[in-house]
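For reference, the structure discussed in these notes is given below.
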2 protein chains.
Amino acid sequence: MKASDIKNAGLKVTLPRLQVLEFFAKHPGNHFSADELFTKLRESNSEIGLATIYRVLNQFEAAGLIIKHQFDNEQSVYEVETGEHHDHMVDVDTGEVNEFYSKKLEQLQVELAHEHGCELIDHNMVLYVRKIK
Amino acid sequence: MKASDIKNAGLKVTLPRLQVLEFFAKHPGNHFSADELFTKLRESNSEIGLATIYRVLNQFEAAGLIIKHQFDNEQSVYEVETGEHHDHMVDVDTGEVNEFYSKKLEQLQVELAHEHGCELIDHNMVLYVRKIK
DNA sequence: GTGGGTGCAAATAATTTGCACGGTA
DNA sequence: TACCGTGCAAATTATTTGCACCCAC
């Protein structure tokens, strides 16, 4: 996630795009909705519009810079694409999102697809959990 | 899924509710959106309204008669709750939805939650696959 | 300078809700 | 009969789009 990524995606390097990029860079490993980005950026004296945020997020997603997720709620959230695949664990009490990776799980999914005569193209896996006190 | 289920849920046995119930009974193992139900029922000479469908679906879901899913697209789909937990495999070419169950997978998920100091409350797992010719 | 980019407001699309009427228990 | 349930239309919410102005190249 650097300014040159914007240019490589065939997009002009503009202030709103840099602000969104910088926000993700400053908050690694977190997941943000368009509305959260809008609120936070406006608080940082940005003049960005909500529609621009949606447009930029879609463009960044198309360029493979970020990934879009739909967890339980209605709003989509976005995270930086690090190239390292992982799944998500959502705390049902706090809404906190954690990432995890399990090689065993990945292999099992490929096997399950094969058992049904299919190859695995993609998967979506979210565990809803509660902290044990 | 029988008429007595409606009564047991504390709901009156009305025509629209019976029509939705019957539709699910007639199409086992399939997944329908509110809009699909609306169109299909209207074609069957029902006078049901779309708002009623949403209300009935929410009530049936609260009563545990059906389950709501959000796959890739924007619209939610509903299926009958058979009591047998399963996950879903979506064919990326045809959009066909298939159900499967893996004990290994279920156990692995519980373990993964424990590894993060959590108990598993629920999970959402969808495999996007392509048939091997 | 030019064409893409932007903010704002209006448009969409899925779902929910208000309201007066209708049907179940 | 008392209320819950219903259809329709209007309201909501997340997201997209139209438009006139603006800025990166």
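Spherically averaged projected area of the convex hull of Cα atoms, the protein assembly as shown: 18.2 nm².
Using only the Cα atoms of chain B, build the gyration tensor, take square roots of its eigenvalues as a ≥ b ≥ c, and label the shape rounded, prolate or oblate: rounded if a/c is under 1.5, else prolate if a/b is larger than b/c, else oblate. Can you show the working numbers first?
Working: a/c = 2.46, a/b = 1.52, b/c = 1.62.
Oblate shape, in that a/c is at least 1.5 and b/c is the bigger or equal ratio.
Okay, helix-only estimate at 222 nm for chain B: each DSSP H run of n ≥ 4 adds -39500 (n - 2.57), divide by all residues, round to 500 deg cm²/dmol; what do you get?
-12000 deg cm²/dmol
Jot down the per residue volume, in cubic angstrom and as a whole number, of the convex hull over the alpha-carbon atoms of the stretch B:70-120. Display every interim value, and only then the final one.
Numbers: hull volume 6.3 nm³, N = 51.
So the per-residue hull volume is 123 Å³.
Other protein chain C-beta atoms within 10 Å of residue C-beta, averaged over A:55-66: 0.
Against chain B, whose longest principal axis comes from its Cα atoms, helix B:50-62 is set at around 50 degrees.
Counting only other residues whose beta carbon sits under 11 Å from that of residue B:25, what net charge do I get with K and R as +1, D and E as -1? Write down the numbers at each step before the final one.
Numbers: positive: B:2, B:26; negative: B:5, B:22.
With Lys, Arg at +1 and Asp, Glu at -1, the neighbours total 0.
In a simple Cβ point-charge model (Lys, Arg +1; Asp, Glu -1; nothing else charged), chain A has a dipole of about 560 debye relative to its Cα centre. Normalised by residue number, the volume inside the convex hull of the Cα atoms of the stretch B:1-66 is 76 Å³ per residue. Other protein chain C-beta atoms within 10 Å of residue C-beta, averaged over B:101-110: 3. What percent antiparallel are the DSSP beta bridges of chain A, to the nearest 5? Bridges in chain A that DSSP calls antiparallel: roughly 70 percent. Each Lys or Arg adds one and each Asp or Glu subtracts one; over the other residues with Cβ under 13 Å from the Cβ of residue B:101, this totals -3.
Summarise the partner chain shielding of B:43-54 as one whole number: the mean count of Cβ atoms from other chains within 10 Å of each residue's Cβ.
On the way: counts 0, 0, 0, 0, 0, 0, 0, 0, 0, 0, 0, 0.
That average works out to 0.
Applying both filters, DSSP loop and at most 12 other Cβ atoms within 10 Å, to the trypsin sites (Lys or Arg not before Pro) of the stretch B:1-96 gives B:2, B:12.
Split chain B at each of the GluC sites (Glu not before Pro) in a DSSP loop with at most 13 other beta carbon atoms within 10 Å, and the longest piece is B:1-46.
Around residue A:55, with a cut-off of 13 angstrom between Cβ atoms, what is the net charge of the other residues, counting Lys and Arg +1 and Asp and Glu -1? Before the final figure, lay out the partial values.
Details: positive: A:12, A:17; negative: A:61.
Neighbour charge sum, excluding residue A:55 itself: +1.
Any read-out appearing in this document is the output of simple, stated calculations on the displayed coordinates, not a laboratory observation. For clarity, every value in this text was computed on a predicted model and none was experimentally measured. Using ideal geometry, Cβ is built from the backbone for each residue, glycine included, and neighbour counts are taken over all protein chains shown.
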